[in-house]
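Take a look at the structure set out below.
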Amino acid sequence: MHAIKRQRNISAKALTALSIILVLAVFRHISRANSFVSTDGEDSSSQEFGGRRSLFFRPSHHIPPVKPCILIVSTLPPTLPTEEGAVGDIKRITADWEHISAYVQSCDFQSKQNISNAMSKTRGIVIPSAGHAMFAHTWVVVTILRETLGCSLPIEIVYNGKEELDVDLAERLKMMSNVTLVDASLITLPSHHRPMNWTQAFGQAKYVHATGYSFKAYVLAFVTKFDEVLVLDSDNLPLQNPEALFQSPQYLKKGSSFWPDWWQRSRTQQIPFFLDVDPFAYNTFGLQAPWEVSDHPMTATESGTMMLDRRRHADVMEFIWLLNSHPEVTFAWMHGDKDTYRLAFHLANKSSDFAQVPTPPGQALDAHPGNMPFYRHTGMVQHDWNGVMAFLHRTSTAKFNPDQQKWRHLDYVTSPLTHRQAEIVVNNGDGWQLGQLNMEFEKYCCGLTDFEAHKLAAVREEFLQSQTGCSIHECNIPQTGDGLPVMAFPPEIAFALTNATEVIHQMDELYAVMQQAKRRR
């Protein structure tokens, strides 16, 4: 009798437990159904079945929100104030800013985006170029992309009028596979924008589409036909096939990839000399500068390499040209175009989509041995998102010029330089000697010896392991043999895990070809 009673109690408990499990399952199912809320705030699960909620409704894909647009009377730029001086300059750029801010919210802009989004995307490389020296660089870059790196992306080479076209090199470039030359001066500026105010900036009585630092921004915003684009300066040599950069998780998530300069800006630290960014660049538009609202310093941008999904960030493109069409204002706040791109993302309320590679650049060095070894700057070495060397940008005085007898070779590559190291190494003029450099280290770094200075390298043993697969001792690298204040390696070690050594050798061979062609003229 007791056994039967116990069995009934167990059956009742089991039935109760089963009921609880079923109730919880149904509740969980309902909760999941209720969680499908559309991005415009309406519950998407009630969009079917006469507005009644269905437990079995599942959206098949994410539907982007339909943003409300505004009707504007005219898309033409506003009439600008004629007031002279800095006050007038500020009034003019803020008037255009208000106009562009309204335009990117307009039905006209949204309609163009809807048409664009219905088409398949295009992807390629664009290289702004001008004059014989820059076209020589371009020919070297394109040749290496095709022959050494096996890059098959279509390439646009953009120049600004016939006077900036090198005819001989242009013919060579046209013979290469999937390479197009584009004259930017023939491109019509959209009616809602105004041309760059060259008169205000440089005192010459003319308006032009774009020139100088603004030309690259103009090419990016209006000239290239690619939706997803890698923009390279003509003197910026890829060290690996750049096609893989379009598949990096960071780019796919943000739709942008930018590369850093050496310099950092914080509340207490300014960027050296004329390279600084004035917080007024942000304050003018009612924004706070990034370093004013964060304890982390802002690393400046080096615009020799940029990747952008132009379709995704069409609104950012509008603000990029806004800033670069007023060089009389913008370039007084910052050095050229390079830091306008981050500001444009802020103006489009997309600051979180500005993605910049965290690894600082290394420095390429041309060595002059002797009793007092002398090193010259050969360029900045930029890295990919994995920290592997990806580009050699011949900045400043390191550019190749076919009219000169010699060019700077790549004898060493340093580890990534910190802001402090760059102040010392890079800012010692065209070249630096060890005695002068050690004095600078005593001034800045508490009298460190060369050996101790090696410990300041941004990435020491870890950098060597990631680039070469071996340690200092395994690679038999003397830490102080060259007296360099940061770790530096010859190309065969620095590029051991890539085919960049072959790239550097071909670069020198192609430079020699350019010089021979120049002498035959």
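Going through region 95-142 one residue at a time, which ones are among the hydroxyl-bearing types (Ser, Thr, Tyr) and farther than 22 Å from residue 183 by Cβ? Show your work before the answer.
So the first thing to find is which residues in region 95-142 are among the hydroxyl-bearing types (Ser, Thr, Tyr), and the list is 101, 103, 106, 111, 116, 120, 122, 129, 138.
Across region 95-142, the qualifying residues are 101, 103, 106, 111, 116, 120.
Can you tell me which residue within region 331-356, out of those that are of a type in the set (A, V, I, L, M, F, W, C), under 15 Å from the mean Cα position of the chain (by Cα) and outside any helix (DSSP H, G or I), is nearest to residue 251 (Cα to Cα)?
If we filter region 331-356 for residues that are of a type in the set (A, V, I, L, M, F, W, C), which is where we start, we get 331-334, 343-345, 347-348, 354-355.
Filter once more, keeping what is under 15 Å from the mean Cα position of the chain (by Cα): 343-345, 354-355.
From the residues that got through so far, the ones that are outside any helix (DSSP H, G or I) too are 354-355.
Values: 354: 10, 355: 7 Å.
Among those residues, the one meeting the criterion is 355.
Considering the conditions (1) modelled with pLDDT under 85; (2) part of a loop (DSSP other than H, G, I, E, B); (3) among the charged types (D, E, K, R), residue 408 is excluded by exactly one of them, (1).
Candidates 340, 359, 301, 284: the one that is open to solvent by less than 10 Å² (accessible area, probe 1.4 Å) and either farther than 30 Å from residue 227 by Cβ or in contact with an Asp or Glu (Cβ under 9 Å, 6 or more places away or on another chain) (or both) is 301.
Annotation note: Cβ proximity below 7 Å between a residue of region 162-190 that is within 19 Å of residue 131 (Cβ to Cβ) and basic (Lys, Arg) and a residue that is surrounded by 11 or more Cβ atoms within 10 Å (Cβ to Cβ) and modelled with pLDDT of 95 or more (sequence gap 6+ or interchain) occurs for 172/139; 174/181.
For region 75-90, which residues satisfy the criterion of being in a loop (DSSP other than H, G, I, E, B) and touching a His at 6+ places or on another chain (Cβ under 9 Å)? Step through it out loud before you land on a result.
Start the filter on region 75-90 by keeping residues that are in a loop (DSSP other than H, G, I, E, B), which leaves 75-84.
75, 76, 77, 78 - these are the residues of region 75-90 that are in a loop (DSSP other than H, G, I, E, B) and touching a His at 6+ places or on another chain (Cβ under 9 Å).
Screening residue 398 with (1) at pLDDT 85 or above; (2) closer than 21 Å to residue 138 by Cβ gives one miss only, at (1). Hey, could you check region 411-436 for residues that are in a loop (DSSP other than H, G, I, E, B) and open to solvent by less than 10 Å² (accessible area, probe 1.4 Å) and say which is modelled with the lowest pLDDT? Only one residue fits best here, namely 415.
Each residue in region 493-515 was checked for being in a helix (DSSP H, G or I) and at pLDDT 80 or above, and 16 pass.
Determine which member of the set 144, 115, 90 is of a type in the set (A, V, I, L, M, F, W, C) and buried (at least 20 other Cβ atoms within 10 Å of the Cβ). First the steps, then the outcome.
On the way: 115 fails: buried (at least 20 other Cβ atoms within 10 Å of the Cβ); 90 fails: buried (at least 20 other Cβ atoms within 10 Å of the Cβ).
Testing whether each residue is of a type in the set (A, V, I, L, M, F, W, C) and buried (at least 20 other Cβ atoms within 10 Å of the Cβ) leaves just 144.
The values are calculated or read from the model by the stated rules, or taken from the named source; none is laboratory data. Because the structure is a prediction, the values reported are computed rather than measured. Every residue, glycine among them, receives a Cβ derived from its backbone with ideal geometry; neighbour counts consider all protein chains shown. Remember, those area values only see protein heavy atoms, side chains included, never the ligands or the DNA or RNA. Shrake-Rupley method; radii C 1.70, N 1.55, O 1.52, S 1.80 Å.
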